[in-house]
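Here is the structure we will look at.
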Amino acid sequence: MNDTLGGQPSPTQQLHAGITSYWRTQVIGTVARLGIADLLAGGARDSDSLATELGVHPDALFRLMRGGIAAGLFIAFAERTFALTPMGEGLCSNAPGSLRELAIIQSSPSHWLPWGRLTDAIRTGTSPMQAALGCDIWEHFARHPEEAEHFARSMGDWSEMVASEVAHHVDFARFARVADIGGSHGDLLAQVLRAHPSCRGILFELPQVAESAKPVLESRGLANRVEVVAGSFFEPGIPAADAYLLKHILHDWDDDVSTTLLRRVHEAAPAGARLFVVELVIPDNRNPDPTHLMDLNMLVVANGRERTREEFHSLLTATAWKVERLILTRSGTSIIETVKA
């Protein structure tokens, strides 16, 4: 298919690229999983020496890295020798804004297999996770702790992208205790506490996640400022705080479950407490937007959804949270500030 329009890919070529884009997902995910970008961070290397170091098949690795040229990750430096492109550098584990963990989790069974059943999700309106994996995503992570760790790290990387903006836009100095509900390893909470030294934090997570978060907080020098509390936000036991953070939590659930969650936080919150919902908000227009695809992702992997501004307002008002303002950040994520009504 060599038909082009003015040097640009033709509609047929664009469609072909879209149809086969999942090849690129697995190429990128495999490069990330093998840690190839880290091995190339010091400069170009030949694929045979990399294969020896990685313990993989030499010709297969060469073919993977040649495919990585098409995926935008590498350039051919010399015969069977490759170097990173600026895009490929984003898979280095220590790169600012690294997407290595995201590449690994998106090409792993927890996300990859359910997406193969998108047609079923559209027919039924429910997540195909049970059919794809035999359980929901949280039970899958409990059964596969290594995959769960990649997921937690990818969420932490995502948090780093938005946390500084949350800390910048909201004056948390007015709150003595800030509780991050379902905050994984406390990446968002850590940014808030660094920006506001007078605050103390509470990290509320499932027991297995809470345990793994403790050494992370200790390594950041925050162990003495953060109380780690294990529990479920669907059960009593959410701690009292002056402000609550819910980052990318509500999109995991449908409206009924989200209502239960918001009511649990409301029950635990003292009078006048603030709740900050940090989520993508679907724009009120018909133009193409990445949140439309993320909305499908949430249907597929978690039976959840992204929401419009009006949908968030209805959900929060119905659970006795008064919406005061919505802040759109440069990262595309919005901060919805509410107060206990």
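The values are calculated or read from the model by the stated rules, or taken from the named source; none is laboratory data. Predicted model only: the values in this text are computed from it and were never measured. Here the Cβ positions follow ideal geometry from the backbone for every residue, glycine too, while neighbour counts run over all protein chains shown. We work out accessible area using only protein heavy atoms, side chains counted, and drop any ligands, DNA or RNA first. Shrake-Rupley method; radii C 1.70, N 1.55, O 1.52, S 1.80 Å.
For the stretch 1-105, which whole percent of the accessible surface, found with a 1.4 angstrom probe, sits on carbon and sulfur atoms? Can you show the working numbers first?
Values: 3490 of 5880 Å².
Taking all protein chains in place, the stretch 1-105 shows 59 percent carbon and sulfur surface.
Could you tell me how many cubic angstrom of Cα convex hull volume the stretch 151-256 has per residue?
So the per-residue Cα hull volume is 104 Å³.
Rolling a 1.4 angstrom probe over the protein heavy atoms, how many square angstrom per residue are accessible across the stretch 88-130?
Result: 51 Å² per residue.
For the stretch 165-188 and the stretch 39-100, what is the separation of their Cα centres, given in Å?
The two parts, judged by their Cα centres, are 38 Å apart.
Taking only C-alpha pairs under 8 Å that are 6+ residues apart, what is the relative contact order of the chain in percent?
In percent, rounded to a whole number, it is 12.
Please list, in order along the stretch 100-117, the HN-Hα scalar couplings obtained from phi with the Karplus expression 6.51 cos²θ - 1.76 cosθ + 1.60 (θ = phi - 60°), rounded to whole Hz, x for Gly and Pro.
With coefficients 6.51, -1.76 and 1.60, one gets 4, 5, 5, 4, 5, 6, 6, 9, 9, x, 4, 10, 5, 5, x, 5, x, 10 Hz.
Using Cα springs under 10 Å in a Gaussian network model of the chain, which residue among 89, 324, 227 shows the largest mean-square fluctuation?
Checking each option, the largest mean-square fluctuation is seen for 324.
With every protein chain kept in place and ligands, DNA and RNA left out, what is the accessible area per residue of the stretch 204-341? Probe 1.4 Å, answer in Å². Before the final figure, lay out the partial values.
Details: 6450 Å² over 138 residues.
Solvent-accessible surface per residue comes out at 47 Å².
Where both partners of a DSSP beta bridge lie in the chain, what percent of those bridges are antiparallel, to the nearest 5?
The antiparallel fraction comes to roughly 50 percent.
In a Gaussian network model over the chain where Cα atoms closer than 10 Å are linked, find which of 300, 162, 216 has the largest mean-square fluctuation.
216
Ignoring ligands, DNA and RNA, what percent of the accessible area of the stretch 203-341 is carbon or sulfur (1.4 Å)?
52 percent
Which residues' amide hydrogens lie under 5 Å from the amide hydrogen of residue 244, considering only partners 5 or more residues apart or on another chain, with H built in the peptide plane?
Under 5 Å from the amide H of residue 244 lie the amide H atoms of 179, 274, 275, 276, each far enough along the sequence or on another chain.
Quick one: which residues, 5+ away or cross-chain, put their amide H under 5 Å from the amide H of residue 229? H built at 1.01 Å from N.
Answer set, sorted by chain and number: 203, 204, 205.
Around residue 150, what is the net charge, scoring Lys/Arg as +1 and Asp/Glu as -1 over all other residues with Cβ under 13 Å from its Cβ? Don't skip to the end; give the middle numbers.
Values: positive: 33, 100, 153; negative: 101, 146, 147, 149, 157.
Value of the local net charge: -2.
Residue by residue through the stretch 193-209, which ³J(HN,Hα) values in whole Hz follow from phi under the Karplus form 6.51 cos²θ - 1.76 cosθ + 1.60 (θ = phi - 60°), with glycine and proline marked x?
The phi angles translate into 5, 5, 6, 9, x, 7, 7, 10, x, 10, 9, 10, 8, 4, x, 5, 6 Hz.
Quick one: Cα convex hull volume of the chain, Å³ per residue?
In the chain, the Cα hull volume divided by residue count equals 166 Å³.
Kindly identify the stretch 292-341 as rounded, prolate or oblate by the Cα gyration tensor criterion: order the square roots of the eigenvalues as a ≥ b ≥ c, call it rounded if a/c is under 1.5, otherwise compare a/b with b/c, prolate if a/b is larger, else oblate. Working shown, then result.
On the way: a/c = 2.97, a/b = 1.46, b/c = 2.03.
Oblate.
Only Cα pairs within less than 10 Å get springs; with that Gaussian network setup on the chain, which residue of 275, 39, 189 has the largest fluctuation?
39
Could you tell me how far the Cα centroid of the stretch 200-222 sits from the Cα centroid of the stretch 278-341, in Å?
Centre-to-centre distance over Cα atoms comes out at 27 Å.
Do you know the relative contact order of the stretch 92-153, to the nearest whole percent, from alpha carbon pairs under 8 angstrom that are 6+ apart?
Worked out over the stretch 92-153, it gives 33 percent.
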